[in-house]
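Rule-based calculations on the coordinates, nothing more; no lab input. Everything quoted here is computed from the prediction, not taken from an experiment. Using ideal geometry, Cβ is built from the backbone for each residue, glycine included, and neighbour counts are taken over all protein chains shown.
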Amino acid sequence: MNAIQPSRPPSQPIQKRRAVPRPKRHLRQRSYQVMALESTAKIAVNLAVTAIAASALAQLLPYHWLQQEKLREISTEVKLMEGHVNGLQAKFGRNFDPQQTKTIMQEQGYRFDPSQRRVVLMNQDRQEDEQTESSP
């Protein structure tokens, strides 16, 4: 493997083929036609893609607007429900507070602590009307 290998005989020089001269005008004209055809095809494809994208966008925009409107309505309802839930949570906490038991019983049962005095508010205008009607 490490032995010296015999040298190769010099290879024969590659002979260059002579190209047959072609008319240059014809090649240039043909390449311009190919480039023009390729550019026209690219433009046509781009116009078709643009038309399809515009059509899809025109169909999707109303749907997007409708979804945004629904989202706004739902957000409004969520805010209202959050307020309602917060009120119920506060009421729930108050109902189960041992210190509030007497107060809640008085509100719901119309029972009062014997040490409290009952205050009844009366409309003075109504009392005057009743007195004037009963006087004659």
Inset, instruction - Give a quick list of trypsin sites (Lys or Arg not before Pro) in region 70-125 that DSSP marks as loop, anything other than H, G, I, E or B, with at most 11 other Cβ atoms within 10 Å. - result: 111, 117, 118
Legend entry - Separation in nanometres of the label points that stand 7 Å from Cα toward Cβ, at residue 33 and residue 101: 10.5
Inset, instruction - Determine the dipole magnitude for region 33-129: charges of +1 sit on the beta-carbon of Lys and Arg, -1 on that of Asp and Glu, nothing else is charged, the reference point is the Cα centre, and the result goes in debye to the nearest 20. - result: 320
Inset, instruction - Within the set of other residues whose C-beta is less than 13 Å from the C-beta of residue 36, count the net charge using Lys and Arg as +1 and Asp and Glu as -1. - result: +2
Inset, instruction - Determine the shape class of region 24-111: with a ≥ b ≥ c the square roots of the Cα gyration tensor eigenvalues, call it rounded for a/c under 1.5, and otherwise prolate if a/b is greater than b/c, oblate otherwise. - result: prolate
Legend entry - Contour minus Cα-Cα distance for residue 120 and residue 94 (0.36 nm per residue): 6.7 nm
